[in-house]
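Enquirer: Got a structure here, written out as structure tokens. Questions coming.
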Amino acid sequence: MEKIAIFASGTGSNAQKIIEYFQGHPQIEVSLVVSNKAAAPVLEKATAAGVDTTVITRSSFYGTTALLDELKAKGIRFIVLAGFLWLVPAYLIAAYPQRMVNIHPALLPKFGGKGMYGKHVHQAVKDAGEKESGITIHWVTPEYDEGGIIFQARCPVDASDQPEDIARKVRQLEHEHLAPVVEKLLTERSTTN
Ligand code: GRF
């Protein structure tokens, strides 16, 4: 069984979709949800779905390997960042080479980097007069949103769209594509090595 951990800081609609998608899956299981916010709704969603949760603090996450020890103890083989707002420390990325992905709610390399999250991204897309937006699933590196791109999907942006309209179209793409892309990455790999 390939065990996945999801890192999330907020609502957790993507985490919810991923958990649902892999419920009863023969090869893949969501075994842990990690958050940096004790009150994040994603934690309730995970608990309601019977998924273990862990809350991290800056000192534990950046100052110790406690989380890494827990991930290893649980046999976590893959990490999905789905709305996780902290930079991932190098020790954790090194422990999961080509086994940690992030979903970004825009078409990288544009509209990425520090501060580009949530409505800020969609406002920037609108302000730039873009005719389309979308999602980017990419490998995680020590800098925000700079890893190799794995998958992108696009949606139209009309001049009349407000940021929340763009957000809605982008979220729909996230919910449709993230879990299947993770599944492909894991099942393809397990057949090749
Ligand atoms: C999504 O827009 C995702 O692309 C970004 O953070 C947001 C998480 O939303 N990384 P949710 O918490 O999964 O609803």
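The values are calculated or read from the model by the stated rules, or taken from the named source; none is laboratory data. Model, not experiment: these values are computed from the prediction. Counting neighbours? That spans all protein chains shown, and the Cβs are built from the backbone with ideal geometry, glycine included.
Enquirer: Taking the criterion of being surrounded by 18 or more Cβ atoms within 10 Å (Cβ to Cβ), within 12 Å of the ligand (Cβ to nearest atom) and closer than 16 Å to Glu130 by Cβ, would at least one residue in the stretch 176-188 satisfy it?
Expert: No, because not a single residue in the stretch 176-188 is surrounded by 18 or more Cβ atoms within 10 Å (Cβ to Cβ), within 12 Å of the ligand (Cβ to nearest atom) and closer than 16 Å to Glu130 by Cβ.
Enquirer: Moving on. State all residues of the stretch 11-36 that are in contact with a Leu (Cβ under 8 Å, 6 or more places away or on another chain) and at negative phi; if no residue qualifies, say none.
Expert: Matches in the stretch 11-36: Asn14, Lys17, Ile18, Gln27, Ile28, Leu32, Val33, Val34, Ser35, Asn36.
Enquirer: Considering only the stretch 116-131, I want to know if a residue exists there that is in contact with a Leu (Cβ under 9 Å, 6 or more places away or on another chain), among the acidic types (Asp, Glu) and closer than 22 Å to Val34 by Cα.
Expert: no
Enquirer: Restricting to the stretch 9-27, name every residue that is buried (at least 21 other Cβ atoms within 10 Å of the Cβ) and assigned to a loop (DSSP other than H, G, I, E, B).
Expert: Gly12
Enquirer: Read through the list (1) in contact (Cβ under 8 Å) with a residue 40 or more places away in the chain; (2) surrounded by fewer than 21 Cβ atoms within 10 Å (Cβ to Cβ); (3) within 11 Å of the ligand (Cβ to nearest atom), then give the number of the only condition that Ile6 fails.
Expert: Looking at each condition in turn, Ile6 falls short on (2).
Enquirer: Can you find, within the stretch 155-166, the residue that is surrounded by the most Cβ atoms within 10 Å (Cβ to Cβ) among those that are farther than 14 Å from Ala128 by Cβ and touching a strand residue (DSSP E or B) at 6+ places or on another chain (Cβ under 9 Å)?
Expert: Cys155
Enquirer: So if I check each of His104, His122, which one is surrounded by 20 or more Cβ atoms within 10 Å (Cβ to Cβ) and closer than 16 Å to Phe7 by Cα?
Expert: That would be His104, the only listed residue that is surrounded by 20 or more Cβ atoms within 10 Å (Cβ to Cβ) and closer than 16 Å to Phe7 by Cα.
Enquirer: Go through the residues of the stretch 20-31 one by one and say whether even a single one is more than 17 Å from Leu185 (Cα to Cα) and either within 16 Å of the ligand (Cβ to nearest atom) or at pLDDT below 95 (or both).
Expert: yes
Enquirer: How many of the residues making up the stretch 54-73 are crowded, with 16+ Cβ neighbours inside 10 Å and within 17 Å of Trp86 (Cα to Cα)?
Expert: Adding up the residues that qualify gives 5.
Enquirer: For Glu174, are the conditions met, namely being in a helix (DSSP H, G or I), of a type in the set (Asp, Glu), modelled with pLDDT of 95 or more and under 17 Å from Ser13 (Cα atoms)?
Expert: Yes; evaluated as a whole, the condition is true for this residue.
Enquirer: Which residue pairs have Cβ atoms closer than 6 Å, lie 6 or more positions apart in sequence or on different chains, and pair a first residue in the stretch 12-29 that is closer than 14 Å to Leu43 by Cα with a second residue that is in a helix (DSSP H, G or I) and within 11 Å of the ligand (Cβ to nearest atom)?
Expert: Going by the 6 Å Cβ cut-off, the qualifying pairs are Gly12/Pro41; Gly12/Val42; Gly12/Lys45; Asn14/Glu174; Asn14/Leu178; Ala15/Val42; Gln16/Lys45; Lys17/His175.
Enquirer: Hey, which of the helices (runs of 4 or more DSSP H) in the stretch 58-148, taking only ones fully inside, have at least 1 residues that are without any contact (Cβ under 8 Å) to a residue 12 or more places away in the chain, more than 15 Å from the ligand (Cβ to nearest atom) and acidic (Asp, Glu)?
Expert: Of the helices (runs of 4 or more DSSP H) lying wholly inside the stretch 58-148, those with at least 1 residues that are without any contact (Cβ under 8 Å) to a residue 12 or more places away in the chain, more than 15 Å from the ligand (Cβ to nearest atom) and acidic (Asp, Glu) span 66-73, 119-127.
Enquirer: Separate question: Here are the criteria: (1) among the charged types (D, E, K, R); (2) away from the ligand (no atom under 16 Å from the Cβ); (3) assigned to a loop (DSSP other than H, G, I, E, B). Tell me which single one Lys37 does not satisfy.
Expert: Looking at each condition in turn, Lys37 falls short on (2).
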